Amino acid sequence: MVVHDIPGSQVDTGTAVPLPWKRGYVIDKEDIAKGPVTVEVTPAKAGSVTCRIVIEKKEEAKVTGKDGEPVKCQATIKKMKV
C-alpha cells in the first residue's frame, strides 16, 4: 500500500500498485507553506521497499525498510526555482 500527502492536494492511497511505483507532482509556490511531502509504503510480507523523495532533481529523503516493514519518508520543500 502507498499513501502520499502532498501540499496542495488530497491524501492519496493506493493498494496493489505495480512496481516499480513512481509518482510525480507539480507543487504551486503558495502550497509550499502547507506542510512537508510525506510518503508511506507498506510492502508485501516477503518484500522490502525503499522510499525516496526527490525535489528539483535532489534526493531529499530516502528510507529502506526490512521485509514486511512499512517505511515513511518526509521532506520539506525549502525553495523553488522560478
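The values are calculated or read from the model by the stated rules, or taken from the named source; none is laboratory data. Source: prediction; values computed, not measured. Backbone-built Cβ (ideal geometry, glycine too); neighbour counts: all protein chains shown.
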Any residue in the range 58-79 that is part of a loop (DSSP other than H, G, I, E, B), crowded, with 16+ Cβ neighbours inside 10 Å, at pLDDT 85 or above and small (Gly, Ala, Ser)? yes
Which of the residues that make up the range 4-57 are modelled with pLDDT under 70 and among the basic types (Lys, Arg)? Lys34
Filtered residue count, the range 33-47, keeping only those that are surrounded by 14 or more Cβ atoms within 10 Å (Cβ to Cβ) and assigned to a loop (DSSP other than H, G, I, E, B): 4
